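J.: Before I ask anything, here is the structure I am working with.
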Amino acid sequence: MENGVLVRTENLVKIYPLGHSQVRALNGVSLTVARGEFAGLVGPSGSGKTTLLNIVGSLDAPTGGSAEVLGRKVETLSHREAAALRNRYIGFIFQTFNLLPVYSAYENVEFALLLLGLSAAERKKAVWDALEWVGLTDRARSKPSQLSGGESQRVAIARAMVKRPALVLADEPTANLDAANSHHILDTMEKLNQELGTTFLFATHDQKVIDHLRRKIVLVDGKVTRDEPGPAAAGPAKP
Amino acid sequence: MLLKLAVKNILGAGLRSWLSAFVISLALVIVVWNQGILIGFDRQASKDMVDAEYGGGQVWQPAYDPQDLLTFEFAHGPVPEALEGLIAEGRATAILVAQASIYPNGRMRTVVLKGIDPLQKTVVIPSSSLAGGVEDEVPVLLGNRMAKATGLSQGDTVTIRWREPGGSFNALDGRIVALMTTTVPTIDLNILWVPLDRLRAMTRLEGEATYIVLSPAVTPPAGVENWVFKSPDDLLQDIRQLYKTKSIGRNIMFVLLLSLGMLAVFDTQVLSIFRRRKEMGTLMALGFTRGMVIRLFTLEGTLHGVLAAILGAIYGLPLLFYVKKIGFAIPQNWEGFGFALGDKIFPVYGAGLILGTTALVLAVTAVVSFLPTRKIAKLKATDALRGRFS
């Protein structure tokens, strides 16, 4: 994979069976995402945003075409290889936070590191750093049930960022948050993108998120209809 | 890591986990409790019966059948020479058996007269109380159950009627010289112990016996081919059979109890897998393989068994060892199907029984926990994240 390109899809097709018929969720998507981008897949419900994000995240395999992420072809990965790719290089942020309910905020963040085989001391430092990035060191011992929606999503961001992944995939990260929390979350992610150089790829139709994007990839009916600089493209430069 | 997460999850599930664990622990404790009582009963009864009746084995007249009174008339013969030496050395004792009737309180009762040497030391029966006596009265030793059944007490006399070899009946007064407390019903109920010489004289069977009891560790000598040697194991076969029958019953109960516990685990697992699909998706997104998710959920289910073992140890071990110490009281009217039973059974709870049962419960819990997780093997991460099954 050429220098600086993190994600490359070529003529990507995803077809879901639906009873006796089929649904074409992606219909020949070709795009590249470079290292350090703060980009978003934008479009109405059913346009294929989440499907594309899932394939890029190696959670799903394409029906046709090719998806290359960090030099690995997703369609050829075994379950184990895909799991290793996600564990090492990709962070996920979900609409519903998806925190493990029995773990504290600290443990939820630490959980992402457990499979990496880091020492306890290394994990501890990384977790506190991540909690500090999202401003939640004081809530480290709180369980998800004791956190607000905004705090939960910040824990999820810390969990996604703690292993310093090359790519963070965020699927409607603000959909369950009010406006103030949404802006706070987006500011945090923007800051991490700029300070750590982490690539962020969003799937969203939330205008608040769109306003923060530096690149906007519009999907309609499984096709890229527009790929243009986002409203924040004129903002602070990438590192 | 999986273990830590599993422990967290199972403890995080709170009351649901503890309820499942409690049901399994109950099965575990009840099974160990019952099995310990059964082992205690077997050992206690075997020891008492060997001490008081079987000794190191018995040498029977071939016609002798202790269950058939009609054989007693023919089941006797001169004591084999090979055994006389052992009897003289005090390493065996001859018993002569005859059928008779007694009339306690005006009612006729069929009994078995057993003649025994008052000086014998082979079996633990207080036969020395039969020594002495007067010529026109037969000294009689009764067991406590027989005394209770007939209403006879020490010092009472009772008419004994027996049949002589010619077919005519004879009668004599028997005086109860002693009552013995014994746990062995077969030396007690319907038995009148009398001096061997007196019974031989009454039945005109001088020098004869129905069977000879050997002292423990005495091997039957050669030269008694016409008699039948019954080892303690042969004689204990009935009690072993009862033990086996009871064990089967106990095993059925074990299976039922364990099934209840396993049903709770299975139910918890199925619910847990159904309810936590999104969590499975998150774990996969974080880098878990499906195999790891399956291992996690199986481990969680198995931990119910571990929790059950801990719970069982907390309330079960003190209870079991308390009962082991004070014994388990037997209802007074329970005669134990003819086997020796003391007032109390002292259960035997060995490490093997406890650890073996616990290991079995854990193994079954692991299998039952694994079965519902097979559904995860087909689970797609994207479906799981949406809370759906593939």
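J.: Of the residues B:175, B:200, which single one is of a type outside the set (Val, Ile, Thr), part of a helix (DSSP H, G or I) and in the same structural domain as residue B:114 (by TED's automatic domain parsing)?
T.: B:200
J.: Could you list all residues from the stretch B:110-124 that are surrounded by fewer than 16 Cβ atoms within 10 Å (Cβ to Cβ) and not in a loop (DSSP other than H, G, I, E, B)?
T.: B:110
J.: For the stretch A:130-148, state whether one or more residues are surrounded by fewer than 24 Cβ atoms within 10 Å (Cβ to Cβ), within 15 Å of the chain's Cα centre (by Cα) and not aliphatic (A, V, I, L, M).
T.: No, the conditions are met nowhere in the stretch A:130-148.
J.: Does residue B:266 count as surrounded by fewer than 24 Cβ atoms within 10 Å (Cβ to Cβ), out of contact with any strand residue (DSSP E or B) (no Cβ under 8 Å at 6 or more places or on another chain) and either farther than 14 Å from residue B:376 by Cβ or of a type in the set (A, V, I, L, M) (or both)?
T.: Against the criterion (surrounded by fewer than 24 Cβ atoms within 10 Å (Cβ to Cβ), out of contact with any strand residue (DSSP E or B) (no Cβ under 8 Å at 6 or more places or on another chain) and either farther than 14 Å from residue B:376 by Cβ or of a type in the set (A, V, I, L, M) (or both)), residue B:266 qualifies.
J.: Since residue A:116 meets every condition but one in (1) in a helix (DSSP H, G or I); (2) within 23 Å of residue B:291 (Cβ to Cβ); (3) of a type in the set (A, V, I, L, M), which condition does it not meet?
T.: (1)
J.: Restricted to the stretch A:92-126, and to residues that are of a type in the set (S, T, N, Q) and at negative phi, which residue is nearest to the other protein chains (Cβ to nearest Cβ)?
T.: Filtering first and then ranking leaves A:96.
J.: Moving on to the next point. Only one of these is more than 14 Å from chain B (Cβ to nearest Cβ) and closer than 26 Å to residue A:209 by Cα: A:56, A:29. Name it.
T.: Of the residues listed, the single one that is more than 14 Å from chain B (Cβ to nearest Cβ) and closer than 26 Å to residue A:209 by Cα is A:29.
J.: Let me ask something additional. Does any residue in the stretch B:366-390 that is away from chain A (no Cβ under 14 Å) and under 22 Å from residue B:286 (Cβ atoms) come within less than 6 Å, Cβ to Cβ, of a residue that is assigned to a helix (DSSP H, G or I) and modelled with pLDDT of 80 or more six or more places away or on a different chain, and which pairs are these?
T.: B:373/B:294; B:373/B:297; B:373/B:298
J.: Here is a follow-up. Just give me the residues in the stretch B:74-96 being touching a residue at least 24 places away in the same chain (Cβ under 8 Å), exposed (fewer than 15 other Cβ atoms within 10 Å of the Cβ) and not in a helix (DSSP H, G or I), in sequence order.
T.: B:78, B:90, listed by residue number.
J.: Let me ask you something else. When you scan the stretch B:191-218, how many residues do you find that are surrounded by fewer than 13 Cβ atoms within 10 Å (Cβ to Cβ) and in contact (Cβ under 8 Å) with a residue 60 or more places away in the chain?
T.: Looking only at that region, the number is 2.
J.: Right, here's the next one. Can you name the residue in the stretch B:28-63 that is aromatic (Phe, Trp, Tyr) and closer than 23 Å to residue B:254 by Cβ and is also farthest from the other protein chains (Cβ to nearest Cβ) among such residues?
T.: B:41
J.: Hey, any hits in the stretch A:68-77 for a residue that's of a type in the set (Val, Ile, Thr), touching a residue at least 60 places away in the same chain (Cβ under 8 Å) and out of contact with any strand residue (DSSP E or B) (no Cβ under 7 Å at 6 or more places or on another chain)?
T.: no
Results for (1) part of a helix (DSSP H, G or I); (2) in contact with a strand residue (DSSP E or B) (Cβ under 8 Å, 6 or more places away or on another chain), shown as yes or no for each residue.
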position: A:109; (1), (2): yes, no
position: A:145; (1), (2): yes, no
position: A:168; (1), (2): no, yes
position: A:173; (1), (2): no, yes
position: A:176; (1), (2): no, no
position: A:181; (1), (2): yes, no
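J.: Residue by residue through the stretch B:306-326, note down the ones that are surrounded by 22 or more Cβ atoms within 10 Å (Cβ to Cβ) and either over 25 Å from residue B:273 (Cα atoms) or over 29 Å from the mean Cα position of the chain (by Cα) (or both).
T.: Listed by number, the list holds a single entry, B:312.
J.: With respect to residue B:373, determine if the residue is buried (at least 17 other Cβ atoms within 10 Å of the Cβ), of a type in the set (Ser, Thr, Tyr), assigned by TED's automatic domain parsing to the domain that holds residue B:276 and at pLDDT 90 or above.
T.: no
J.: Restricting attention to the stretch A:149-161, and to residues there that are under 29 Å from residue A:34 (Cβ atoms) and free of Cβ contacts under 8 Å to residues at least 60 places away in the same chain, which single residue is surrounded by the most Cβ atoms within 10 Å (Cβ to Cβ)?
T.: Here the residue is A:158.
J.: Which pairs do you get when a residue that is more than 14 Å from chain A (Cβ to nearest Cβ), found in the stretch B:11-27, comes within reach of a residue that is of a type in the set (D, E, K, R), reach meaning Cβ atoms under 9 angstrom, with the pair 6+ apart or on two chains?
T.: Hits for this filter: B:20/B:267.
J.: Touching a Leu at 6+ places or on another chain (Cβ under 6 Å) and more than 25 Å from residue B:40 (Cα to Cα): is that true of residue B:192 in this structure?
T.: yes
J.: Run down B:297, B:288, B:266, B:274 and say which single residue is within 13 Å of chain A (Cβ to nearest Cβ) and hydrophobic (A, V, I, L, M, F, W, C).
T.: The conditions single out B:288.
The values are calculated or read from the model by the stated rules, or taken from the named source; none is laboratory data. As the structure is a computational prediction, the values presented were derived from the model and not from experiment. When we count neighbours, we look across all protein chains shown, and the Cβ atoms used for this are built from the backbone with ideal geometry, even at glycine.
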